[in-house]
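Computed from the coordinates by the stated procedures, all read-outs in this text should not be read as laboratory data. Just so it is clear, the model here is predicted, and its values are computed rather than measured. So basically every Cβ, Gly included, is an ideal-geometry build from the backbone, and we count neighbours across all protein chains shown.
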Amino acid sequence: MYRLGVSRRFEARHYLVGGDWGEENNEHSHQYKVELILEARNLDPHGFLVDIVEVEKHLDEVVAQFGGKTLNSIDVLSDRNPSIEELATVLQGLFAQRLRSFQLEAITVIVWEDDSAWTSYRTAV
């Protein structure tokens, strides 16, 4: 199985809801890092898993939807607690939709919060 990864960083704000998490219930900022990992058994006729330039374009466009914003106010997260787990789930779904023309077998999204905590979400496609 081949795996290829690309990553980007962005800053965003959020606040946790639905429980008593102390200071996390107040709006605050984090530096996020998103790692996108694509998997497939076969390479294309040129010896590539995917066109990295095209994948980076999608990554930049998706990250731009979240960077500099309050995650709670973004439509895809407005009815969720914007934890890094939920953010990874939402991002993975967006990438699965955007990259469906590639012959991928799995997509993993890893979300880092301030370089101290991370989560990942992987699904077969």
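Computing FRET efficiency as 1/(1 + (r/R0)^6) for ARG122 and SER78, where r is the C-beta to C-beta distance and R0 is 25 Å, gives about 0.50. The mean of 1/r over all pairs of different alpha-carbon atoms in the chain, once inverted, gives a Kirkwood hydrodynamic radius of 15.1 Å.
Computed extension gain for ASN25 through SER101, at 0.36 nm per residue and net of the alpha carbon distance, reaches 23.4 nm. Against the main long axis of the alpha-carbon atoms of the chain, helix 84-98 sits at an angle near 40°. Only Lys, Arg, Asp and Glu carry charge here, each on its Cβ (+1 for the first two, -1 for the last two); on that basis the chain has a dipole of about 420 debye about its Cα centre.
Counting other beta carbons within 10 Å of each residue's own, what order do TYR15, TYR32 fall into, fewest first? Numbers along the way, then the final one.
Numbers: TYR15 16, TYR32 24.
Listed from fewest to most nearby Cβ atoms, that is TYR15, TYR32.
The modelled label-to-label distance between ALA64 and GLU11, using points 7 Å beyond Cα along the C-beta direction, is 2.0 nm.
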